[in-house]
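Notes follow the structure.
The values are calculated or read from the model by the stated rules, or taken from the named source; none is laboratory data. Keep in mind it's a predicted model, so treat the numbers as computed, not measured. Every residue, glycine among them, receives a Cβ derived from its backbone with ideal geometry; neighbour counts consider all protein chains shown. For accessibility, only protein heavy atoms count, side chains too; no ligands or nucleic acids. Shrake-Rupley method; radii C 1.70, N 1.55, O 1.52, S 1.80 Å.
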Amino acid sequence: MLIWLTKSDEETYQLGKVIGENARPGDIFLLYGDLGSGKTVLSRGISHGAGYKGLVTSPTFTLMNIYEGRYPVYHFDIYRINYPEELYDLDYEEFFFGTGITIVEWSEKLGSLLPSEYLKITISQIAGENTRRIAVEPIGNKYIIWKELLKSNEGIGN
Ligand SMILES: Nc1ncnc2c1ncn2[C@@H]1O[C@H](COP(=O)(O)OP(=O)(O)OP(=O)(O)O)[C@@H](O)[C@H]1O
Ligand SMILES: [Mg+2]
């Protein structure tokens, strides 16, 4: 597990950008963390790092936004779903297991639909209003490479 401590939304955004710059088609980034922890800030960084130039906001009501970067970016916010099965109505598999990049806010809600391989990103608020602990953990073989991709990245947080 790799851990960063970011001290501002800008630092979280920059970490997201590095993740997005390294993203490849088919990558799934599952974000965990409370309300206001910084999931959308990180998603904005990932999306811009993946080459998208526009606005990134939480798709709380629509459940998903699609951005055009170097690859399509599927930005989910599933806070409002009551059952994971509601994602079938969105044809979520087409996105999760397609050739774009998938970002999910409120991954806690995936329940039984949790994929077997993904990059797990957990954001927690710790001491100090603007400090966040961001833990990145590869789940499954496909994501082990991320330890190398991100370890060499310095100057953000730790
Ligand atoms: N180190 C930090 N990293 C990220 N955001 C920070 C940080 N410090 C302060 N903030 C602030 O915390 C808020 C994070 O908001 P954001 O919308 O990204 O949270 P969220 O996890 O997506 O919330 P929600 O669950 O409502 O979707 C912003 O107002 C941001 O400016
Ligand atoms: Mg959000």
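Among Ser43, Ser112, the sequence by solvent-accessible area, most first, with a 1.4 Å probe is Ser112, Ser43.
The apolar share of the surface of the range 56-153, taken as the fraction of accessible area on carbon and sulfur atoms (1.4 Å probe, ligands and nucleic acids excluded), comes to 50 percent. Largest GNM mean-square fluctuation among Leu55, Leu42, Leu30, using the chain with Cα springs under 10 Å: Leu55.
In the full protein context, the chain carries 49 Å² of accessible surface per residue, based on a 1.4 Å probe and ignoring ligands, DNA and RNA.
Note on the chain: antiparallel DSSP beta bridges, both residues inside, total approximately 60 percent of the bridges counted.
Once all protein chains are placed together, Asp34 keeps about 110 Å² accessible to a 1.4 angstrom probe. Distance between the modelled labels on Asp89 and Glu148, one decimal in nanometres: 4.4 nm (7 Å Cα→Cβ projection). For Ile126, the accessible area of its heavy atoms, probed at 1.4 Å with every protein chain present, is near 70 square angstrom.
Just to be sure I follow the definition: excluding the sites themselves, where is the longest run in the chain that has none of the GluC sites (Glu not before Pro) in a DSSP loop with at most 11 other Cβ atoms within 10 Å? For GluC sites (Glu not before Pro) (loop position, at most 11 other Cβ atoms within 10 Å), the longest site-free span of the chain is 1-128. Fully extending the segment from Phe61 to Glu117 would add 17.5 nm, taking 0.36 nm per residue of separation and subtracting the current Cα-Cα distance. Of Lys109, Lys53, the order by accessible heavy-atom surface (1.4 Å probe, DNA, RNA and ligands excluded), from most exposed downward, is Lys53, Lys109. In this Cβ point-charge picture (+1 for Lys and Arg, -1 for Asp and Glu), the chain has a dipole of about 500 debye about its Cα centre.
Rounded to the nearest 10 degrees, the angle from helix 39-49 to the longest Cα principal axis of the chain is 90 degrees. Surface listing: Lys147, Lys17, Lys39 arranged by accessible area from highest to lowest gives Lys147, Lys17, Lys39, probe 1.4 Å. Each 10 Å bin, from zero up to the one with the longest distance, holds this percent of the alpha carbon pairs of the range 17-94: 18, 52, 28, 1. For Thr131, the residues 5 or more places off, or on other chains, whose built amide H falls under 5 Å of its own are Ile126.
Placing a pseudo-label 7 Å from each Cα along the Cα-to-Cβ vector at Glu137 and Met1 gives an inter-label distance of 0.5 nm. Translational D (Stokes-Einstein, µm²/s) of the chain at 25 °C and 0.890 mPa s when Rh comes from the Kirkwood sum over C-alpha pairs? Answer from the Stokes-Einstein relation: 159 µm²/s.
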